[in-house]
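Participant: Please read through the structure below; I'll follow up with questions.
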Amino acid sequence: MIELFKRVFVGVLMVGFSGTAIAGSHESVDWSQAIEKTVVLTEFKTEPNNIPLRPGQPYRMRFENAGAFPNCVISEEFFAAIDAAELKMGDEVISHATLEQISVSAAGSELLFVPKKTGAYGFHCNTFHHFVFGMGGVITVTQ
Ligand SMILES: [Cu+2]
């Protein structure tokens, strides 16, 4: 039990959780309709770096790390504008995630979510010097 608690606690620290669970509005979502998207992170870019999404559409977004360093996707604004149902980081699965960033190790990460609000949301990687060299982009949610 203590081991499990430690594992979950470390996972929570790694993804920068705010600690609040989202109310379960995504429980009625038909995830078989989820559109799959893949985002590949390397030094010092994110491919694609312009990601168009539709509000209300479920997505399964896979983050792959093809770089030599740990990379991440940080966007407090974007993660506040989605209903995140599940986050996988390697083998670890975290449900009902409220998050501000996703850490992407060599094992990759995957986020199941529905955009709630239209808008343009900038994101970046905070590994040392990565954003300075252009590691970031924009997620645009439009009707
Ligand atoms: Cu980076």
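Each value in this text was obtained by applying a stated rule to the coordinates, not by laboratory testing. Just so it is clear, the structure is predicted and the values come from calculations on it, not from any experiment. Neighbour counts are summed over all protein chains in view; Cβ atoms, including those assigned to glycine, are modelled from backbone coordinates with ideal geometry.
Participant: Mind checking the dipole of segment 27-115: about its Cα centre, +1 per Lys or Arg Cβ, -1 per Asp or Glu Cβ, Debye to the nearest 20? Intermediate results must be reported in sequence, preceding the final value.
Facilitator: On the way: 6 positive and 14 negative charges, 54 e Å.
The dipole magnitude comes to about 260 debye.
Participant: Give the shape of segment 36-141 as rounded, prolate or oblate, defined through the alpha-carbon gyration tensor: a ≥ b ≥ c are the square roots of its eigenvalues, a/c under 1.5 means rounded, and otherwise the shape is prolate if a/b is larger than b/c and oblate if not. Could you put the intermediate results ahead of the total?
Facilitator: Details: a/c = 1.79, a/b = 1.25, b/c = 1.44.
Oblate, since a/c reaches 1.5 and b/c is not below a/b.
Participant: What percent do you get for the relative contact order of segment 36-141 when only Cα pairs under 8 Å and 6+ apart count?
Facilitator: Working: 267 pairs, mean separation 37.7, N = 106.
The value is 36 percent.
Participant: Which net charge results for the neighbourhood of Val141, defined as the other residues with beta-carbon distances under 9 angstrom from its beta-carbon, given Lys and Arg at +1 and Asp and Glu at -1? Kindly include the intermediate steps, with their values, before the conclusion.
Facilitator: Details: positive: Arg54, Lys116, Lys117; negative: none.
The answer is +3.
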